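K.L.:
Quick one: the structure is below, and I'll ask about it shortly.
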């Protein structure tokens, strides 16, 4: 599976993690969550990428859905205990 980090480069400076998208040259602060949402085009907590190839966008959307499903399953398991 593709790594989220292969589509961004680290930007030097500051104390927090700042990255720049390889497709749109958009820079923003954040981790894997924000990178995935940027590339998926959701606009959730970050500006959506308008230049991302469709295959990369689709993979990021799938990763976001899988994380959501994992979180919901974990909640359901806790409720059963």
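K.L.:
Which ones in segment 47-81 are crowded, with 16+ Cβ neighbours inside 10 Å and farther than 21 Å from residue 30 by Cα?
P.N.:
none
K.L.:
Residues in segment 3-22: is at least one surrounded by fewer than 12 Cβ atoms within 10 Å (Cβ to Cβ) and closer than 20 Å to residue 62 by Cβ?
P.N.:
Yes - at least one qualifying residue is present in segment 3-22.
K.L.:
If residue 75 meets every condition in (1) farther than 16 Å from residue 5 by Cα; (2) touching a strand residue (DSSP E or B) at 6+ places or on another chain (Cβ under 8 Å); (3) assigned to a helix (DSSP H, G or I) apart from one, which number is that one?
P.N.:
Going through the list (1) farther than 16 Å from residue 5 by Cα; (2) touching a strand residue (DSSP E or B) at 6+ places or on another chain (Cβ under 8 Å); (3) assigned to a helix (DSSP H, G or I), residue 75 breaks only (2).
Read-outs: derived from the displayed coordinates by stated rules, not from any lab. Just so it is clear, the model here is predicted, and its values are computed rather than measured. Quick reminder, even Gly has a Cβ in these numbers, built from the backbone with ideal geometry, and neighbours come from all protein chains shown.
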